[in-house]
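So the structure is just underneath, and the comments pick up after that.
The values are calculated or read from the model by the stated rules, or taken from the named source; none is laboratory data. The structure displayed is predicted, hence computed values, not measured ones. We place every Cβ from the backbone using ideal geometry, glycine too, and count neighbours over all the protein chains shown. Quick note on the areas: whole protein, heavy atoms, side chains included, nothing else; ligands and nucleic acids left out. Shrake-Rupley method; radii C 1.70, N 1.55, O 1.52, S 1.80 Å.
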Amino acid sequence: MLKRIGYTAGGFVLIGVLAVAILWGLSVGTVQFSLSQIFNIVMDQFSSPLAIDDPLNGPEQTIIWLLRMPRLLMAAIIGAGLAVSGVIMQAIVKNPLADPYILGISSGASLGATVAILFGIGVMFGENFVGVMAFIGAMAISFGVLFISNLGGRPNSVKLILGGLALSAVCSSFSSFVVYLADDKEGIQTITYWLMGSFAGAKWDMLPFIAVVVLVSIVFFWSQSRILNMMLLGDEVAITLGRDLHTYRQVYLIISSLIIGFVVYAAGMIGFVGLLIPHLVRMTIGTNHWTLIPFSALGGSIFLVIADGLCRCIIPHAELPIGILISLIGAPTFVYMLVRKNYGFGGE
């Protein structure tokens, strides 16, 4: 009972931290606002008969409601999705160093975006065809990993990782080949910037669909906590307990890939969130997925909201792509975690 009370209190604390992070994110940028200004602008909009995008609204309301609010909410949603996807991937492969991108999903999305930008493939999907093609590429690689891992018997964590690494190498090679063939400097620059990740393109009409996909997937995984805990024990133990993890592993991989696909569609490539946040949460509250999943979701939301705010204020009058900032944090942390795990540094 005390543990449940403690977890509940901790959850409310994280929700409060997330709210404070969003308020801070609304205040920073090229144009800065005080907290009192933000409060007045928000309350004025709630009492105003004008729509959010009405041109009669002042520039301050436009900055808060049309530019910053949707991108911060998108950052919170995507942070939650990436962190929970990391939890699921780590349970599937039974390795705390796993990341949602380890199975080649990012390379598949990169290839989809590359052919869309340079060759115009997928223009029938409308103005967001680059994101749609990236999503299709991510999903295609996910199914390809499942197919390869099922060859020669049932899949296991080793076959999943090796299949992902192989397809990742193939996609990276094809992407490089496409870029080499294309004579489009502007397109190559667009690809480079898009692959760095950004929430600058977030819009209100994108939020509901992305939010439904991510939040429904998180609730589904939360309901599967017992199965996920069982995956950490291994297939042999699970079979003795009357559970065959073969089907569960494939379903979880597909749903995780669905989250990653929509993240790529909305914000480009953002790595390491699914590695860092679950690891930090697991160090704090343990490995039980019943608490690990919601706390990782909140931690991922807070992390990306703060990171997005930092991207808008680190360089004056410019915006640093969020993928660069997170990589600068995540890559050294990953090396430290790898060395600590394999060589026993840091007290292990």
Could you work out how far the C-alpha centroid of the range 197-218 sits from that of the range 45-89, in angstrom? 10 Å
The range 203-213 - phi-based ³J(HN,Hα) in whole Hz, Karplus 6.51/-1.76/1.60, Gly and Pro as x: 9, 4, 6, 7, 4, x, 5, 4, 5, 4, 4
Placing unit charges on C-beta atoms (Lys and Arg positive, Asp and Glu negative, everything else neutral), compute the dipole magnitude of the chain about its Cα centre in debye, rounded to 20. 1180 debye
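Give the accessible surface of the range 99-233 per residue, rounded to a whole number of Å², with probe radius 1.4 Å and ligands, DNA and RNA excluded.
On the way: 6800 Å² over 135 residues.
For the range 99-233, the solvent-accessible area averages 50 Å² per residue.
Provide the per residue accessible area, probe 1.4 Å, for the range 44-92, rounded to a whole number of square angstrom. It would help to have the intermediate numbers written out before the result.
Numbers: 1790 Å² over 49 residues.
Each residue of the range 44-92 exposes 36 Å² on average to a 1.4 Å probe.
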What accessible area, in Å² to the nearest ten, does a 1.4 Å probe give for T284? 110 Å²
Over the range 118-239, what percent of the accessible surface lies on carbon and sulfur atoms, probe 1.4 Å? 70 percent
Over the range 174-302 - Rg/Rh using Cα atoms and the Kirkwood inverse-distance radius: 1.07
Loop-only check: which trypsin sites (Lys or Arg not before Pro) in the range 136-207 are DSSP coil with at most 16 other Cβ within 10 angstrom? K203
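Plugging the Kirkwood radius over Cα pairs into Stokes-Einstein for the chain, at a temperature of 4 °C and a viscosity of 1.567 mPa s, what D comes out in µm²/s? Don't skip to the end; give the middle numbers.
Working: Rh = 21.3 Å.
Translational D for this selection: 61 µm²/s.
Ignoring ligands, DNA and RNA, what percent of the accessible area of the range 264-325 is carbon or sulfur (1.4 Å)? Let's see the in-between values first.
Details: 1540 of 2100 Å².
Within the range 264-325, the accessible surface is 73 percent carbon and sulfur.
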Extreme residue, positive dipole direction of the range 218-348, given options Y265, I239, A307 (C-beta unit charges): I239
For the range 130-176 and the range 293-337, what is the separation of their C-alpha centers, rounded to whole Å? 26 Å
Dividing the Cα convex hull volume of the range 268-320 by residue count, how many Å³ per residue is that? 79 Å³
Considering only protein heavy atoms, what is the solvent-accessible area of T287 at a probe of 1.4 Å, reported in Å² to the nearest 10? 70 Å²
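Can you pull the percent of the range 10-77's accessible area that's carbon plus sulfur, 1.4 Å probe, other chains left in place? It would help to have the intermediate numbers written out before the result.
On the way: 2640 of 3660 Å².
Carbon and sulfur together cover 72 percent of it.
Show me 307-314, 230-237, 138-145 ranked by packing, highest mean number of other Cβ atoms within 10 Å first.
On the way: 307-314: 20.1, 230-237: 15.6, 138-145: 22.9.
Highest-to-lowest ranking by the protection proxy: 138-145, 307-314, 230-237.
Above 21 Å lies some portion of the pair distances; for the range 111-256, what is it as a whole percent of all C-alpha pairs?
Numbers: 6143 of 10585 pairs.
Percentage above 21 Å: 58.
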Given points 7 Å out from each Cα along the Cα-Cβ axis, report the V335 to Y193 separation in nanometres with one decimal. 3.0 nm
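Counting other C-beta atoms within 10 Å, and keeping those with at most 13, which DSSP coil trypsin sites (Lys or Arg not before Pro) do you find in the range 42-144? Before the final figure, lay out the partial values.
Numbers: sites: R68, R71, K94; in loops: K94.
Sites meeting the loop and neighbour criteria: none at all.
Hey, got the dipole for the range 1-156? About the Cα centre, +1 on K and R Cβ, -1 on D and E Cβ, debye to the nearest 20? Present the calculation step by step, with values, prior to reporting the outcome.
Values: 6 positive and 6 negative charges, 165 e Å.
For this selection, approximately 800 debye.
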Quick one: the Cα spread of the range 12-131 along its three principal axes, in angstroms, biggest first? 49, 43, 25
Order by protection proxy (mean Cβ within 10 Å, highest first), peptides 262-268, 276-282: 262-268, 276-282
